[in-house]
Amino acid sequence: NRYRGLTLVLTFLCYTSYHLSRKPISIVKSQLHPNCSALGPNPHNDSNSSTWCSWAPFDGDNYKELFGALDNAFLVAYAIGMFISGIFGERLPLRYYLSGGMVLSGLFTLLFGLGYFWRIHVLWYFIVMQVCNGLVQTTGWPSVVTCVGNWFGKGKRGLIMGIWNSHTSVGNILGSLIAGVWVSSAWGLSFLVPGIIIAAVGILCFFFLVEYPEDVGCSPPLHHVSPCSKNPEGITSNEGPLSISGQSSRDHLNSPKEPAEEPEAISFLGALRIPGVVEFSLCLLFAKLVSYTFLYWLPLYIVNVAHFGAKEAGDLSTLFDAGGILGGIFAGLISDYTGGRATTCCVMLVVAAPMLFLYNHIGQNGIGTSIAMLVVCGALVNGPYALITTAVSADLGTHESLKGNAKALSTVTAIIDGTGSIGAALGPLLAGLISPTGWNNVFYMLIAADVLACLLLTRVVVKEFRGWCGPMARQRGYVQP
């Protein structure tokens with residue numbers, strides 16, 4: 001239990017720092033092209049009177065397209081790298097892979113922020129930093145989900161991972177608050193501080209993360225509950241490591257693993273054949289499109305529509321992530337109770353569509369309304385996204401069709417999140433292209449994406465309903481057992 005707690009805390013801190021380092025760009029955008037007329041007279045007589053305070057090359061009329069290019073550089077690199085990352089994650093020591101990626105991510109985040117102090121005004125520099133950071137950040141998600149999946153069986157996986165997955169929203173909130181401190185004075189520090197934090201957590205992970213229960217003499221959890229198993233988590237005692245095959249814990253610690261016992265890592269095509277992987281991957285594509293559009297564009301939307309300052313808009317946008325924490329926990333709890341992961345996602349996506357419409361039309365009618373709508377929309381948008389990337393990925397990575405081979409966890413997680421990352425790349429790009437025509441059109445695009453995400457889960461939802469109706473019909477005498 002102590003090792004389980006350590007694994008949860010360490011992986012929580014790891015992925016919190018990943019999102020903490022991604023968030024500053026959305027806060028800094030409003031400072032790269034602010035409303036210069038609000039700052040008083042132009043002190044530089046040779047500068048453009050309307051954009052003298054902007055940061056070149058984002059001082060032109062095409063600044064929204066350039067912001068979209070920055071977002072897209074990170075997200076496309078992340079989406080492409082994710083499919084490769086899962087394959088490496090199955091074959092390399094996760095501790096080295098995860099901590100190395102975090103240190104490199106810290107380096108590229110630092111280099112982006114140093115562009116302020118080095119007075120770099122060349123677009124390609126910032127795009128290259130975003131591409132490199134997107135590639136190395138793919139080491140994170142497959143690694144942390146695999147580590148947690150190695151330690152926890154299916155029992156209450158939805159609730160545990162729903163709570164654990166709050167690291168995404170906590171990272172976004174902390175990233176917004178940290179970036180907001182320096183956004184108006186020296187925006188380079190908004191990247192330097194998160195870069196140092198993620199590198200430091202990566203070093204901590206290198207020294208203390210335990211990848212597998214077997215590494216410390218604990219028995220692995222059961223990923224499938226059988227009628228004969230009264231303990232789905234595989235726990236028989238709270239007193240330290242468990243014995244395996246009659247051996248004491250100390251004997252097991254001293255006995256080396258036999259090479260023959262190591263299962264082979266699954267292939268990419270083999271992972272795609274696992275029932276449900278394709279449906280949930282495509283659903284996540286559209287669900288993550290909505291989530292990441294809010295992640296990258298919500299502060300700018302609040303500045304433009306509600307006319308708040310950059311810091312106030314960044315602070316207010318954290319309420320969307322606070323709602324995401326509640327939504328992830330709620331989705332995990334309900335899906336554990338009902339056994340319907342797909343149905344839970346589908347219901348939340350259906351309700352999210354009208355809530356997005358309402359937020360766009362009445363969300364700025366007062367600070368109270370704005371706060372309430374942001375929390376509700378955050379819960380409904382991020383709930384399905386959180387459930388699919390955590391409990392669903394772990395379930396499919398240890399699917400019964402694998403016959404006990406859990407070496408597919410990293411690959412399955414990478415396929416699902418990699419496909420979702422394509423949507424994450426498309427969302428901010430489309431928002432950058434559509435927003436000049438009006439924010440209403442951006443929200444119509446997000447609503448359409450939510451509906452498509454729901455429709456893609458139809459087959460799995462029908463299968464879950466049949467699974468529920470079968471036992472009910474037998475109990476009522478309609479079907480012979």
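The values are calculated or read from the model by the stated rules, or taken from the named source; none is laboratory data. Here the structure is a predicted model, which is why all the values come from computation and not from measurement. Methodologically, a virtual Cβ is constructed for each residue, glycine included, from the backbone with ideal geometry; neighbour enumeration extends over all protein chains shown. Just the protein is used for accessible areas: all its heavy atoms, side chains included, with ligands, DNA and RNA removed. Shrake-Rupley method; radii C 1.70, N 1.55, O 1.52, S 1.80 Å.
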Item to complete: Could you please find all residues in segment 456-470 being within 24 Å of PRO354 (Cβ to Cβ) and surrounded by 14 or more Cβ atoms within 10 Å (Cβ to Cβ)?
Response: LEU456, LEU457, VAL460, VAL461, GLU464
Worksheet item: Can you spot a residue in segment 301-316 that is open to solvent by 40 Å² or more (accessible area, probe 1.4 Å), free of Cβ contacts under 8 Å to residues at least 60 places away in the same chain, closer than 24 Å to GLY438 by Cβ and outside any loop (DSSP other than H, G, I, E, B)?
Response: yes
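For segment 389-420, which residues satisfy the criterion of being open to solvent by less than 10 Å² (accessible area, probe 1.4 Å), aliphatic (A, V, I, L, M) and at pLDDT 80 or above? So that I can check it myself, show each step before the final result.
The first filter runs over segment 389-420 and keeps only residues open to solvent by less than 10 Å² (accessible area, probe 1.4 Å), leaving 389-394, 397-398, 408-418, 420.
When the remaining residues are screened for being aliphatic (A, V, I, L, M), the result is 391-392, 394, 408-409, 412, 414-416.
Passing the criteria: ALA391, VAL392, VAL412, ALA414, ILE415, ILE416.
Within segment 379-388, identify whether any single residue is within 30 Å of ALA69 (Cα to Cα), open to solvent by 10 Å² or more (accessible area, probe 1.4 Å), in a helix (DSSP H, G or I) and not hydrophobic (A, V, I, L, M, F, W, C), and answer yes or no.
Taking segment 379-388 as the starting set, the residues that turn out to be within 30 Å of ALA69 (Cα to Cα) are 379-388.
From the residues that got through so far, the ones that are open to solvent by 10 Å² or more (accessible area, probe 1.4 Å) too are 379-380, 382, 385.
Checking the rest, the ones that are also in a helix (DSSP H, G or I) come to 379-380, 382, 385.
Filter once more, keeping what is not hydrophobic (A, V, I, L, M, F, W, C): 382, 385.
The answer is yes, given that some residue of segment 379-388 is within 30 Å of ALA69 (Cα to Cα), open to solvent by 10 Å² or more (accessible area, probe 1.4 Å), in a helix (DSSP H, G or I) and not hydrophobic (A, V, I, L, M, F, W, C).
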Practice prompt. Please note which helices (runs of 4 or more DSSP H) are completely contained in segment 44-162 and include at least 3 residues that are touching a Ser or Thr at 6+ places or on another chain (Cβ under 6 Å), open to solvent by less than 10 Å² (accessible area, probe 1.4 Å) and at pLDDT 85 or above.
Written response: 63-91, 94-117, 140-151
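Do we find that MET373 is over 19 Å from the mean Cα position of the chain (by Cα), within 29 Å of SER21 (Cβ to Cβ) and without any contact (Cβ under 8 Å) to a residue 40 or more places away in the chain in this structure? Talk me through it step by step, then tell me what you get.
On the way: over 19 Å from the mean Cα position of the chain (by Cα): yes; within 29 Å of SER21 (Cβ to Cβ): yes; without any contact (Cβ under 8 Å) to a residue 40 or more places away in the chain: yes.
In short, yes.
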Response to the item:
Flagged in segment 175-192 as surrounded by fewer than 21 Cβ atoms within 10 Å (Cβ to Cβ) and of a type in the set (A, V, I, L, M), in numbering order, are LEU177, VAL181, ALA186, LEU189
